[in-house]
Amino acid sequence: MGMKTIILNPFQKFSEKQLIAFGISATVIGGLLSLLFNGRFDGVLDLHFTEKTTIATTALDLIISFSILASILFLFGKVINKKTRLIDILATCFISKIPFFFLLFFNINNKMFLVTENLMKMVSTNKPTNIETPDIIFLMSSGITTFACLIWSIALLFNGFRTATNLKETKHILLFALAIILAEVASKIIILNLNY
């Protein structure tokens, strides 16, 4: 198995225990980076930057979004295949979050937050603001990278879920898509309403 398999479908190469151990380690590192670069994972497939975040906010974001995703995928997994194991779903959730951790580096020195704030002020006040060429290039490159990481994360989610449930039929793929949408909506609503 080559590098492509390791990147897109590590579930074929490594055991669930290895994946969970690696996933937990990556999540701890990702949480620390999130704290350092003021990132908030306020949804299953979301990353936003704030002026300042805290240890509690970082931890709660990750715990809530992870728990909701794992719960819904496990429930849908059981519908597809009664032999679906929680440990496989947990491994899937941990590993699929890793691509988002790379995006945190876009906010070194609060760069992404400041550029985005400037853009939002321009839109909300309807007043033209000079956006420098380096900022435009920065936004374009971050947008392309974000899209690539989102696709990578979804690919990991799908491949992990497929391995965990032995997913084969089209209706099962639709159930997977529904599960992701429900998890995203639920995590956003819960985190927004908790307002911590």
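The values are calculated or read from the model by the stated rules, or taken from the named source; none is laboratory data. Computed from a predicted structure; not experimentally measured. No Cβ is skipped: glycine too gets one built from the backbone with ideal geometry, and neighbour counts run over all protein chains shown.
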Q: Would you list the helices (runs of 4 or more DSSP H) that sit entirely within region 93-196 and hold 3 or more residues that are charged (D, E, K, R)?
A: 111-125, 170-194
Q) Do the conditions hold for residue 95, that is, is it in contact with a Phe, Trp or Tyr (Cβ under 9 Å, 6 or more places away or on another chain) and loosely packed, with under 14 Cβ neighbours inside 10 Å? A) no
**Q.** Subset of region 120-142 [modelled with pLDDT of 75 or more and either in contact with a strand residue (DSSP E or B) (Cβ under 7 Å, 6 or more places away or on another chain) or over 23 Å from residue 104 (Cα atoms) (or both)]
**A.** 122, 123, 124, 125
Q: Say whether the condition of being within 19 Å of the chain's Cα centre (by Cα) and over 27 Å from residue 52 (Cα atoms) is met by at least one residue in region 125-146.
A: no
Q.
So residue 111 ticks every box in (1) surrounded by 15 or more Cβ atoms within 10 Å (Cβ to Cβ); (2) over 28 Å from residue 186 (Cα atoms); (3) touching a residue at least 60 places away in the same chain (Cβ under 8 Å) but one. Which box is left unticked?
A. (3)
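Quick one: count up the residues across region 17-62 that are acidic (Asp, Glu), under 27 Å from residue 179 (Cβ atoms) and at pLDDT below 95.
Looking only at that region, the number is 2.
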Q | region 78-92, residues that are farther than 21 Å from residue 151 by Cα, in contact with a Phe, Trp or Tyr (Cβ under 9 Å, 6 or more places away or on another chain) and in a helix (DSSP H, G or I) | A | 80, 86
Q: From 73, 103, 69, grab the single residue that is buried (at least 20 other Cβ atoms within 10 Å of the Cβ) and either farther than 18 Å from residue 16 by Cα or among the acidic types (Asp, Glu) (or both).
A: 103
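For region 33-56, what are the residues that are assigned to a loop (DSSP other than H, G, I, E, B), surrounded by 14 or more Cβ atoms within 10 Å (Cβ to Cβ) and touching a residue at least 40 places away in the same chain (Cβ under 8 Å)?
Passing the criteria: 37, 38, 41, 42, 43, 44, 45, 46, 47, 50.
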Q. Condition test on residue 142, is it of a type in the set (Ser, Thr, Tyr) and under 14 Å from residue 45 (Cβ atoms)?
A. no
**Q.** Flag for residue 30 being small (Gly, Ala, Ser), surrounded by 13 or more Cβ atoms within 10 Å (Cβ to Cβ) and within 21 Å of residue 142 (Cβ to Cβ)
**A.** yes
Q) In region 4-27, what residues are polar (S, T, N, Q), surrounded by fewer than 17 Cβ atoms within 10 Å (Cβ to Cβ) and under 16 Å from residue 158 (Cα atoms)? A) 5, 12
Q) Would it be correct to say that residue 95 is at pLDDT 95 or above and touching a helix residue (DSSP H, G or I) at 6+ places or on another chain (Cβ under 9 Å)? A) yes
